[in-house]
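The values are calculated or read from the model by the stated rules, or taken from the named source; none is laboratory data. Given the structure is predicted, the values throughout are model-derived calculations rather than measurements. Here the Cβ is made from the backbone with ideal geometry for all residues, glycine too, and neighbour counts use every protein chain on show. Surface accessibility is based on the protein's heavy atoms, side chains included, excluding ligands, DNA and RNA. Shrake-Rupley method; radii C 1.70, N 1.55, O 1.52, S 1.80 Å.
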Amino acid sequence: MMAKIVTFILIFIALAASHLLIDERGYVLISFNQTTIEGSIVSFSILFLLVITALVLLGKVTRWLWHRVVNTKGHFSRKRRLKAQQAWNEGLWLFINGEVEQAATLLSKVPQPEARQDYVRAIAAKAALKQGDVVKANTELEAISQDNQGQLASLWLEANNSEQALALLDNKMTGTKPTSAVLSGYILACVQAKQAELAVAQIAKWYKKLNWSDTQWQSIFERIFVDAAAQADVLFNMLPKAVKAHAIPALNKVKLQQGRIEEVTSEMKKLLKQGQYHQLADYLQYSTQSSNELKLALQQQLKKHPDDKELLFALACLCNAEGDYELAAKIFDSLSAHPWEARWSKQAQLAYEKMHTYEKAYLIAKS
């Protein structure tokens, strides 16, 4: 723009000065209708330059006003929008990295656009749940719009409101084929609501769409069978054959807790024969009755591996189950020479308390 202005100035200087070469003042006459304008070339040149300069300045002022005033719409100015966006980006990274409370605090301090308010409330609810504040979490979840309530089933579950979670998921379950995420959320809601039969029915119907790991399968079945121990066999028989393999470990633990060790003795002996001592010990820690057959098999195996800590722990569990607390306490005394495992503690406390060695029981409980 400046280059153009300079060019015009040079042209008009040349025009204004040209008359000097021929010793003439220069004269301009403009006439239209009844109006006549006349003057020298110099005066018209100066006037023209002033008009151009005024137009350039007016354009700059108009553009500045447009960017600063007219173009700022809504509640957020450009600076505020930028600040909100920066806070949103930082908050998301904090949330992704597990720093939920910091993300919620940051987003509460920097106002966000209305379109993000549901997400801000959901993050605040997640932070409240992490801090154990269920009341605040429920308040935040209730404030979220109905359009997004369908996405909150897992958060309602965490807030111990399984009925609300089930209500949100019911429509998705009865509509088109539910996704794996919806199915998982619905089954978890059923388990949390202690509706074991409904949970098993959904698993039996949709198990092909549940992409769970072995650990997830066993965790679900343990919760189902523990909550409905009296119906464990009935629930197990409701499952398709392809899923029963995942449920057997949880069912075995329930049988051992119910004192039905004779029903699983053959399977326990099979684990012993295969050298799966850790799995065997994991089962027997739940046993409330002993089996002479299994105990003898364990003792025979211990003759070959006298220092195996898994075999020793399994034998101690059987001793506790049959009331031989003295032998169990001696076994735990020998196990104390090994790095102590947390899963030994409950059985060790039982043995020491029954033998009135309360100091040892107290030390284990304290640790």
TODO: Scan segment 174-189 and report the pairs whose first residue is more than 18 Å from Leu157 (Cα to Cα) and whose second residue is buried (at least 20 other Cβ atoms within 10 Å of the Cβ) and modelled with pLDDT of 75 or more, with Cβ atoms within less than 8 Å and a gap of 6+ or a chain change.
DONE: Pro178/Tyr186
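Filter segment 88-135 down to the residues that are acidic (Asp, Glu) and free of Cβ contacts under 8 Å to residues at least 12 places away in the same chain, then identify the one that is most open to solvent (accessible area, probe 1.4 Å).
First, the residues of segment 88-135 that are acidic (Asp, Glu): 90, 99, 101, 114, 118, 133.
Right, trim to free of Cβ contacts under 8 Å to residues at least 12 places away in the same chain and you get 99, 114, 133.
Details: Glu99: 76, Glu114: 144, Asp133: 65 Å².
In this case the residue turns out to be Glu114.
Right, Lys253: under 39 Å from the mean Cα position of the chain (by Cα), modelled with pLDDT under 95 and among the basic types (Lys, Arg) or not?
Working: under 39 Å from the mean Cα position of the chain (by Cα): yes; modelled with pLDDT under 95: yes; among the basic types (Lys, Arg): yes.
Against the criterion (under 39 Å from the mean Cα position of the chain (by Cα), modelled with pLDDT under 95 and among the basic types (Lys, Arg)), Lys253 qualifies.
Can you say whether Gly59 is open to solvent by less than 90 Å² (accessible area, probe 1.4 Å), modelled with pLDDT under 65 and not in a strand (DSSP E or B), as far as the supplied structure shows?
no
On the given criteria, is Ser345 assigned to a helix (DSSP H, G or I), under 42 Å from the mean Cα position of the chain (by Cα) and outside the structural domain of Lys253 (by the TED database)?
In short, yes.
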- [ ] Those residues that are out of contact with any helix residue (DSSP H, G or I) (no Cβ under 8 Å at 6 or more places or on another chain) and within 19 Å of Lys270 (Cα to Cα), I need them from segment 289-342; list them, please.
- [x] Asn292, Leu296, Gln300, Lys303, Lys304
Task: Restricting segment 72-112 to residues that are touching a Lys or Arg at 6+ places or on another chain (Cβ under 8 Å) and of a type outside the set (A, V, I, L, M, F, W, C), the residue that is modelled with the highest pLDDT - done: Glu101
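Yes/no per residue for (1) open to solvent by less than 40 Å² (accessible area, probe 1.4 Å); (2) modelled with pLDDT of 80 or more; (3) touching a strand residue (DSSP E or B) at 6+ places or on another chain (Cβ under 6 Å):
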{"position": "Leu166", "(1), (2), (3)": "yes, no, no"}
{"position": "Asp170", "(1), (2), (3)": "no, no, no"}
{"position": "Lys177", "(1), (2), (3)": "no, no, no"}
{"position": "Val182", "(1), (2), (3)": "yes, no, no"}
{"position": "Leu188", "(1), (2), (3)": "no, yes, no"}
{"position": "Ala196", "(1), (2), (3)": "yes, yes, no"}
{"position": "Lys205", "(1), (2), (3)": "no, yes, no"}
{"position": "Lys208", "(1), (2), (3)": "no, yes, no"}
{"position": "Trp217", "(1), (2), (3)": "yes, yes, no"}
Task: Scan of segment 350-367 for residues that are within 38 Å of the chain's Cα centre (by Cα) and open to solvent by less than 50 Å² (accessible area, probe 1.4 Å), ordered by number - done: Ile364
Task: Failed condition for Trp212, given (1) open to solvent by less than 60 Å² (accessible area, probe 1.4 Å); (2) farther than 22 Å from Asn160 by Cα; (3) assigned to a helix (DSSP H, G or I) - done: (3)
